[in-house]
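Notes for the one structure printed next.
The values are calculated or read from the model by the stated rules, or taken from the named source; none is laboratory data. Fair warning: this is a prediction, and the values are worked out from it, not measured in the lab. Quick reminder, even Gly has a Cβ in these numbers, built from the backbone with ideal geometry, and neighbours come from all protein chains shown.
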Amino acid sequence: MGSSIWLFLYLLTFANRKTGVVRRSLQSIKVDTGSPLRTINRDLDRLAEKKYVTILEPKPLLKLRIEKWKEFKKDA
């Protein structure tokens, strides 16, 4: 995973807690992380290649699913 871990951790913070789906624009990721778009795209490709994420819709709004997601449940 290498340096792509940072993007993966960023995506985890914005994932839907039940489904593991993330919806973010590349521009938002760029602003939030301070990374260039080229680096973000490279890291997304690496995460998809290694099966950490599945890209559902690349544009205009990035929609992806975190693989091996486990739903967060509230304790009673």
Inset, instruction - Report the residue count in the range 1-25 for those that are on the phi < 0 side of the Ramachandran plot, part of a loop (DSSP other than H, G, I, E, B) and either at pLDDT 95 or above or within 10 Å of the chain's Cα centre (by Cα) (or both). - result: 3
Inset, instruction - Would you point out the residue of the range 26-76, among those that are in a loop (DSSP other than H, G, I, E, B) and of a type in the set (Lys, Arg), that is nearest to residue 13 (Cα to Cα)? - result: 70
Inset, instruction - Scan the range 2-29 residue by residue and report those that are surrounded by fewer than 17 Cβ atoms within 10 Å (Cβ to Cβ), in contact (Cβ under 8 Å) with a residue 40 or more places away in the chain and either among the small types (Gly, Ala, Ser) or in contact with a strand residue (DSSP E or B) (Cβ under 8 Å, 6 or more places away or on another chain) (or both). - result: 2, 3, 12, 19, 21, 23
Inset, instruction - Evaluate the following for residue 32: is it surrounded by 12 or more Cβ atoms within 10 Å (Cβ to Cβ), more than 15 Å from residue 69 (Cα to Cα), of a type in the set (Asp, Glu) and out of contact with any Leu (no Cβ under 7 Å at 6 or more places or on another chain)? - result: yes
